[in-house]
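First comes the structure, then the notes that go with it.
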Amino acid sequence: MRRFIPATAVLSEKTKYSLPLRRWRWRCFSRVAQKEFDNKGGVVVPKMPSFDYAPPPYTGPSAAEILSKRKEYLSPAMFYLYNKPLNVVDGRMQYLFDENGRRYLDAFGGIATVCCGHCHPHVVDAIVNQTKRLQHSTILYLNHAIADLAEALANKLPGNLKVVFFTNSGTEANELAIMMARLYTGCHDIISLRNAYHGNAAGTMGATAQSNWKFNVIQSGVHHAINPDPYRGVFGSEGEKYARDIQDLIQFGTSGNIAGFISEAIQASPIFTVTIDFHGVGGIIELAPGYLPAAYNIIKKAGGLCIADEVQGGFGRTGSHFWGFENHGVVPDIVTMAKGIGNGIPLGAVITTPEIAEVLTRRNYFNTFGGNPVCTAAGLAVLNVIEKERLQDNAFVVGSYLKERLIALKEKHDLIGDVRGRGLMLGVELVTDHELKTPAKLETLHLLDQMKEIGVLVGKGGFYGNVFRITPPLCFTTEDA
């Protein structure tokens, strides 16, 4: 046993003085790799799958120059991954390339955003062709791109979810959905889940339920229910027991009637920094079985609307279904989406029923860029690619295979506490003690950096910053996995 402190960790004063009192066990995820590391003093680089593309030579500024300019001119709130930030200059499908032309396997997908693959030719052609014809006008004029995408999205949703309002991001979509629920019901109270992340604007910051992402500003009318976390939750996988807390919140914290309930089917939002004391959110937590049907039933009885946040879990990423909520057998009143909808183009949407959509006609509500012809042309191309290339099926097949391999690693190495998620939306939680579920923060930081060194990019999340988030483009192959 030996004390282990990764070079990537940025330690607070408190942490510096407490580390000598703690024991850090080095549990390598690969005994072979560790042996090679010890003998050769370097990191073993696995062979990448073959790929028929080489980027043109990069002639721009170096990573150091960009970082220097970024520190001087960009907001200090903008953080980055890795001890030595990666300068990404090119991308094709599931791969990214740095300034030296080195290829990396992208298992993060720009935070679950790149679903078709980087620079997918069909999506690129749609963007370029529309840009050549008309880059921007306004929804005050007619253009077929916005109507075509709205129709295609409506056809992907169940029930009477047929009316679309386009936005520029997931935060903006969730802001609008919460406001619509309040307007339609005449009530103010919203119920969200602890550990949730729905955005960082005025309304969505209230619905977000982690102190790390909440500034000290007024956030009214949101109540946070116990999180139905099968791994760390008090009731394990018994979803209906968690749902009882919603009933208690309504009875003891509201007038008895509420505006709505917002949740993801899989809590997913990330953390990006390399600091040991900075935590993330989500952590790829799939809600306990039976939770959403029970929760939706309670919300309906209280007069509320059910909002499904599909910003990260939608567009076939879970494999078994196109939308995350479908895995739970429920039909929401409002669905929000972004990220994968545009494959990297700024685009979001709120979809609801004609009756609920009517509330926005009470006053003027407008969005200058929402429904932009270039963005909506890209969105329609994304839907076409997902269907034509059967990316949802691929997410199921490859994701199931990858999850099996990760579970096999969990059985071999006690650093892995939990493997979870569906399709190509997977999480691996690292702990130093299985019984206490002690977060392996330092080990996670170290392995994140080591994976980058061997050419694999993953995300990091979880409240304690100890979860690898695996959300690659849906064109990920078995060889990549």
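The values are calculated or read from the model by the stated rules, or taken from the named source; none is laboratory data. What you are looking at is a predicted structure, and each value in this text was computed from that prediction instead of being measured. Cβ: placed from backbone, ideal geometry, glycine included. Neighbour counts: every protein chain shown. Remember, those area values only see protein heavy atoms, side chains included, never the ligands or the DNA or RNA. Shrake-Rupley method; radii C 1.70, N 1.55, O 1.52, S 1.80 Å.
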Accessible-area ranking of Asp148, Asp449, Asp125, largest first, probe 1.4 Å: Asp125, Asp148, Asp449
Loop-located trypsin sites (Lys or Arg not before Pro) in segment 408-473 whose Cβ has at most 16 other Cβ within 10 Å (DSSP): Lys437
Value of D in µm² per second that Stokes-Einstein yields for segment 185-342, Kirkwood Rh from Cα pairs, at 4 °C (1.567 mPa s): 82 µm²/s
Residue-count net charge about Leu380 - beta-carbon cut-off 10 Å; Lys, Arg +1, Asp, Glu -1: -2
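In percent, what relative contact order does segment 78-190 have, based on Cα pairs under 8 Å that are 6 or more apart in sequence?
The value is 12 percent.
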Rounded to 5, percent antiparallel among DSSP beta bridges of segment 121-388: 45 percent
Antiparallel %, DSSP beta bridges [both residues in the chain], to 5: 70 percent
Accessible-area value, Glu72, 1.4 Å probe, nucleic acids and ligands omitted, Å²: 120 Å²
Rg to Rh, two decimals, where the chain supplies the alpha carbon set and Rh follows Kirkwood: 0.96
Accessible surface of Arg182 - all protein chains present, 1.4 Å probe, nearest 10 Å²: 50 Å²
CD proxy at 222 nm, helix term only [per DSSP H run n ≥ 4: -39500 (n - 2.57); per residue of the chain; nearest 500]: -10000 deg cm²/dmol
Order of exposure, largest accessible area first, which applies to Lys300, Lys71 with probe 1.4 Å: Lys71, Lys300
Carbon and sulfur %, accessible surface of the chain computed with the full protein complex present, 1.4 Å: 54 percent
Unit charges at the beta carbon, dipole of the chain: most positive-side option, Val163, Gly344, Gly379: Gly344
Heavy-atom surface of the chain, accessible at 1.4 Å and reported per residue (Å²): 46 Å²
Rounded accessible area of Tyr58 (nearest 10 Å², 1.4 Å probe): 80 Å²
Sequence-separation-based contact order of segment 372-481, relative, with Cα cut under 8 Å and 6+ spacing, percent: 25 percent
Net charge over other residues, Cβ less than 11 angstrom from the Cβ of Gly427 (K, R count +1; D, E count -1): +2
Accessible area, probe 1.4 Å, largest first, for residues Ser237, Ser62, Ser50: Ser50, Ser237, Ser62
Over the chain, relative contact order from alpha-carbon pairs under 8 Å, at least 6 apart, %: 22 percent
Reach of Lys71 by Cα under 29 Å, taken over lysines that are not fewer than 8 positions away in the same chain: Lys14, Lys16, Lys84, Lys214, Lys339, Lys441, Lys452, Lys460
Segment 99-151 versus segment 155-179: alpha-carbon centroid distance in Å: 19 Å
Charged-residue dipole, Cβ positions (Lys, Arg, Asp, Glu), the chain about Cα centre, Debye nearest 20: 1100 debye
Proximal lysines to Lys301, defined as alpha-carbon separation beneath 18 angstrom and excluding residues fewer than eight positions away on the same chain: Lys241
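Counting only other residues whose beta carbon sits under 15 Å from that of Phe235, what net charge do I get with K and R as +1, D and E as -1?
Result for the neighbourhood of Phe235: -2.
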Binned Cα-Cα distances of segment 121-388, short to long, each 5 Å bin given as a whole percent: 1, 6, 13, 17, 19, 17, 12, 8, 4, 2, 1, 0
